[in-house]
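Notes follow once the structure below has been shown.
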Amino acid sequence: MNTRRNFLQNLGLSTLMLQLTPLNSWAESNILTNERYDGPVLRVAIMGLGSYGSRVADAMQACTRAKLVGVISGTPSKIKDWQSKYNIPEKNCYNYQNFDQIRNNPNIDAVYVITPNALHHNQVLRVAKAGKHVICEKPMALNAKEGHEMVDACKKAKVKLLVGYRMHFEPRTLEIIRMRNAGEFGRILFFQGLCGFRAGDPAQWRLNKQLAGGGSMMDIGIYAINGARYMVGEEPVWVTAQETKTDPIKFKEGVDETIQFQFGFPSGATASCLSTYNMNNLDKFFLNGEKGFAELQPSTGYGPIQGKTHKGALNQPITVHQTVQMEEMAQIIFENKKPIVPIDGEEAVKDLKIIDAIYLAVKTGNKVGLKL
Ligand code: NDP
């Protein structure tokens, strides 16, 4: 009766995946076109079993090329829960003290670091030293210096370093990039990126400079930075930035509440962006060219991403971002597949250089030059 369900069951896919498939047209269409997948599967351990780690773990249940096989956590009760939920064997469970031992585990190919920002640098260096590929959440590090060290460490260890830029695989975003490359917007003139939400609990690590490395810019403003680059299709050559803070008790020294920043690009295009922890309903990209425009709202949330251009509504498939990201990352790692927009450590270092420059521009009030 339900042929799609029967088809998926014939492929041996789990009940959980069947529950996910209505949301996951990308995975479904790939399965339907690829039929049975017999290639290599990226065996992943997630480090940091928090809110985003849980989302990635659930999304990975629908993957064919990537599989959650291990955990690294500081919370024994979570390890137990994840073991039973995802069928993870004891030998693939680690804590922050002993995870260097992962080097002796032939059943894990990659570690996905999903911990607070300030921990990424050291954890990525340790994973690289253990000889495993690394996937790291954004922001990859707290500054460009740390970022360079991570790139170098992974090169030295001959492992890949990829960053969780899930929007780089989002079909409606990619359609705008395709249209831009085909000249359908004409010369690009302007980008606007608005990214923010109201940060709640004042005790959370995101508002702790030691763990977050900054404030909204590190967490959500980075989407406008990265988005400006992939939407305009150029690297900015200067930045100006201004900070406003309405609540200095909640947003302490070094934790930015709201920053507005502007970029100039080599072509003469400009960008105007907002990063904030003090306003909701801010998830919008707008790209304007001589011949047309593109708009995404929401532009970087978990979806569905909605948008239109001067030619009409964007109606590419709605995907589960993290499922697609992990499928693509498996191919990048095993087959050297080149994504349309890079997601490697060097790409992340560019964003970190821009963040360094934004903070400098805020501090000095000066226009800061960029060489990416
Ligand atoms: P959470 O606080 O929900 O989870 C972080 C986890 O890290 C904790 O649950 C804990 O897991 C572990 N951890 C280790 N040390 C500490 C510490 N000192 N303080 C707090 N937690 C610690 O954060 P998120 O999952 O929301 O964010 C984690 C990372 O993912 C961040 O870098 C963030 O920017 C990124 N992120 C990316 C998103 C995206 O869309 N790409 C979306 C959301 C977040 P355990 O108990 O297992 O050790």
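Just so it is clear, none of the values below were taken in a lab; they were calculated from the coordinates. What you see is a predicted model, and the numbers here were worked out from it, not measured in a lab. All Cβ positions, glycine included, derive from the backbone under ideal geometry; neighbour counts span all protein chains shown.
Could you compute the FRET efficiency for D201 and K80, with r as their C-beta to C-beta distance and R0 at 30 Å, rounded to 0.05? After rounding to 0.05, the efficiency reads 0.70. Taking a ≥ b ≥ c as the square roots of the eigenvalues of the alpha-carbon gyration tensor, segment 37-139 is classed rounded because a/c is under 1.5. Normalised by residue number, the volume inside the convex hull of the Cα atoms of the chain is 143 Å³ per residue. With the cut-off at under 11 Å, measuring from each backbone N in segment 178-210 to a point 7 Å along the Cα-to-Cβ line of Q297 picks out 194. A helix-only calculation puts the chain at -10500 deg cm²/dmol for mean residue ellipticity at 222 nm, using -39500 (n - 2.57) for each DSSP H run of at least four residues, averaged over all residues.
Shown here is the pair-distance distribution of segment 298-360: with all Cα-Cα distances grouped in 10 Å bins from zero up to the longest one, the shares run 17, 32, 36, 15, 0 percent.
Per-residue extension of 0.36 nm, minus the Cα-Cα distance of K308 and N366, leaves a gain of 17.3 nm for this segment.
How high is the FRET efficiency from S267 to S51, r the C-beta distance, R0 45 Å, rounded to 0.05? Here the calculated transfer efficiency is 0.70. Of the options T240, Q97, S299, report the single residue whose Cα projects farthest towards the positive end of the charge dipole of the chain (beta-carbon charges: Lys, Arg +1; Asp, Glu -1). Going by the charge dipole, the pick is Q97.
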